[in-house]
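Take a look at the structure set out below.
Each reported figure results from applying straightforward, stated rules to the coordinates on display, with no laboratory input. All of these numbers come straight from a predicted model, not from anything done at the bench. Positions of Cβ are generated from backbone atoms using ideal geometry, with glycine treated the same way; all protein chains shown enter the neighbour counts.
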Amino acid sequence: MHYGQAAFMLSAVEASHFPADEGCEVAFVGRSNSGKSSAINALTSRRALARISKTPGRTQQINFFSLDEQLRLVDLPGYGFAKVPLRVKQHWQRLIESYLQYRSSLQGLVVVVDVRRALSDLDRQILAWCRVSAIPAHVLLTKADKLSRNAACAALHQVQAAMNDNAVSGDALPVESAQLFSATKKHGVDELRDRLDQWLGQKKKEKKSPS
C-alpha cells in the first residue's frame, strides 16, 4: 500500500455524512491523548495529515482519508477525559457506535493505547465488540520511547496476556495482535504497515478474484 499517498477526504459529524460504504477501510480508535493522530501521521509519512490537538478530545468528527479509490483510513474521535458537555460526549458515542455497527467496509480496527497506561475499560469494551463482531483488532502501544526497552516490553506482554485470557474464554478474535510503537522515533511503522497490508491487501485480492 502506498500510505504516503493518503489524502484527506472529509469530516463527518453525522452518519449521513459518511462516504459511500464500499471498498475497504481501517479505523483508528483510542483514548484522548493516546497518540492516535501522531500514529496516523507516522504511518503515512505526513506531518499534518491528521491534526494533533494540544487539548485532548478536541477532535469531534470522524475523519476519512483516501489511499486510493477503494481504500481508506479512518480517524475516530478520541474518548476519555475530554472537557466537553455531556450531550457532546453522548453525540460522539452515538457517532462512533453508528460507524462501528453499520460500516460494512471496515476491515480492521487499530486500538491506540499509551504504553504507559493500562487498557482502559473503554479499550476493553472496544476489543470485546471486535470479538463479537468478528472484526480483527490490533493494539498499538504508542509512545514506547517514553519507557525503557524492558519496561515497554513488559507492558506489551501484559497486553498480550490480557488478550490470551480473553481467548481462553472462547471469544478470541480471528486476528488479534499488539505491538510497540513510537511516532517520534518511527519505531514500529513498518510492522503497522504490514498489519494494514494484510487487512486491506487481502480484501482487495478477494474482490478481484473470479466468482
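Structure data summary
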| read-out | value |
| --- | --- |
| Summed side-chain charge close to Glu97 - residues other than Glu97 whose Cβ falls under 14 Å, Lys, Arg +1, Asp, Glu -1 | +2 |
| Whole-number percent relative contact order across the stretch 3-208, with pairs defined as alpha carbons under 8 Å at least 6 apart | 23 percent |
| Magnitude of the charge dipole, the stretch 3-208, Cβ model with Lys/Arg +1 and Asp/Glu -1, debye to 20 | 780 debye |
| ³J(HN,Hα) computed for each position of the stretch 26-39 - Karplus, 6.51 cos²θ - 1.76 cosθ + 1.60, integer Hz, glycine/proline x | 10, 10, 10, 9, x, 5, 3, 6, 7, x, 5, 5, 4, 5 |
| Charge dipole (the stretch 3-208, unit charges on Cβ, about Cα centre) - positive-most of Leu109, Leu67, Gly78 | Gly78 |
